[in-house]
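Please read the structure below before turning to the comments.
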Amino acid sequence: QVQLVESGGGLVQAGGSLRLSCAASGRTFSSRIMGWFRQAPGKEREFVAAIRWSGIGTRYAGAVKGRFTISTDNAKNTVYLQINNLKPEDTAVYYCASADGTGTYDTWGQGTQVTISS
């Protein structure tokens, strides 16, 4: 089974940019869907973006549309989340996850903290 490790988080001023990485190790399957989620303090985990390993068929949450870009690098078995024009409300732990063909996310990374200062 694939294992996921996130990196790239940190403390950034509002208006800045970050690129989060999700490195997948072990056996990967091209049919699976890769997604990014986030969880702010005191709130439930929410969907951010998703993509197929092929790079075709992206989907974004309305709150991040236009500022976030999800992409893949198959040669490196890595999924990225480019975040531009960061806002204080983007502060959260960001998680990478993998779903089967039905959209059920069954594999999760440990998360990376993103903190935005105003």
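The values are calculated or read from the model by the stated rules, or taken from the named source; none is laboratory data. Just so it is clear, the structure is predicted and the values come from calculations on it, not from any experiment. Please note: Cβ atoms are built from the backbone with ideal geometry, for glycine as well, and neighbour counts cover all protein chains shown. We work out accessible area using only protein heavy atoms, side chains counted, and drop any ligands, DNA or RNA first. Shrake-Rupley method; radii C 1.70, N 1.55, O 1.52, S 1.80 Å.
Scan the range 78-101 and tell me whether some residue there is in contact with a helix residue (DSSP H, G or I) (Cβ under 8 Å, 6 or more places away or on another chain) and free of Cβ contacts under 8 Å to residues at least 60 places away in the same chain.
Pass one, the range 78-101, residues in contact with a helix residue (DSSP H, G or I) (Cβ under 8 Å, 6 or more places away or on another chain): 83.
Now drop any that are not free of Cβ contacts under 8 Å to residues at least 60 places away in the same chain, which leaves none.
No, the range 78-101 has no match at all.
So which of 64, 48 is in contact with a strand residue (DSSP E or B) (Cβ under 7 Å, 6 or more places away or on another chain), β-branched (Val, Ile, Thr) and closer than 18 Å to residue 4 by Cα? Steps first, please.
Working: 64 fails: closer than 18 Å to residue 4 by Cα.
Exactly one of 64, 48 is in contact with a strand residue (DSSP E or B) (Cβ under 7 Å, 6 or more places away or on another chain), β-branched (Val, Ile, Thr) and closer than 18 Å to residue 4 by Cα, namely 48.
Output the residue which, of all residues in the range 85-118 that are under 15 Å from the mean Cα position of the chain (by Cα) and part of a loop (DSSP other than H, G, I, E, B), is farthest from residue 26 (Cα to Cα).
Step by step, filter the range 85-118, then rank; the result is 86.
May I ask you to verify whether residue 38 is among the charged types (D, E, K, R), surrounded by 13 or more Cβ atoms within 10 Å (Cβ to Cβ) and in contact with an Asp or Glu (Cβ under 7 Å, 6 or more places away or on another chain)? Give the steps one after another, and end with the answer.
Working: among the charged types (D, E, K, R): yes; surrounded by 13 or more Cβ atoms within 10 Å (Cβ to Cβ): yes; in contact with an Asp or Glu (Cβ under 7 Å, 6 or more places away or on another chain): yes.
Yes: the conditions hold for residue 38.
Can you tell me how many residues within the range 59-107 are within 26 Å of residue 118 (Cβ to Cβ), in contact with a Phe, Trp or Tyr (Cβ under 8 Å, 6 or more places away or on another chain) and open to solvent by less than 30 Å² (accessible area, probe 1.4 Å)?
Looking only at that region, the number is 6.
Would you check if residue 27 is among the charged types (D, E, K, R), surrounded by fewer than 16 Cβ atoms within 10 Å (Cβ to Cβ), closer than 18 Å to residue 10 by Cα and in contact (Cβ under 8 Å) with a residue 12 or more places away in the chain? Break it down stepwise before answering.
Numbers: among the charged types (D, E, K, R): yes; surrounded by fewer than 16 Cβ atoms within 10 Å (Cβ to Cβ): yes; closer than 18 Å to residue 10 by Cα: no; in contact (Cβ under 8 Å) with a residue 12 or more places away in the chain: yes.
For residue 27, the condition - among the charged types (D, E, K, R), surrounded by fewer than 16 Cβ atoms within 10 Å (Cβ to Cβ), closer than 18 Å to residue 10 by Cα and in contact (Cβ under 8 Å) with a residue 12 or more places away in the chain - is not met.
What's the number of the only condition in (1) assigned to a loop (DSSP other than H, G, I, E, B); (2) touching a residue at least 40 places away in the same chain (Cβ under 8 Å) that residue 34 fails to meet?
Among (1) assigned to a loop (DSSP other than H, G, I, E, B); (2) touching a residue at least 40 places away in the same chain (Cβ under 8 Å), residue 34 violates only (1).
Can you name every residue in the range 43-84 that is in a helix (DSSP H, G or I) and over 15 Å from residue 20 (Cβ atoms)?
74, 75 - these are the residues of the range 43-84 that are in a helix (DSSP H, G or I) and over 15 Å from residue 20 (Cβ atoms).
Just to be sure I understand the filter: pairs with C-beta atoms under 9 Å, separated by 6 or more residues or on different chains, first member in the range 2-18 and under 23 Å from residue 106 (Cα atoms) and part of a strand (DSSP E or B), second member of a type in the set (Ser, Thr, Tyr) and open to solvent by 40 Å² or more (accessible area, probe 1.4 Å). Which pairs pass?
Sorted first by the residue in the range 2-18, then by its partner, the pairs are 3/25; 4/25; 5/25.
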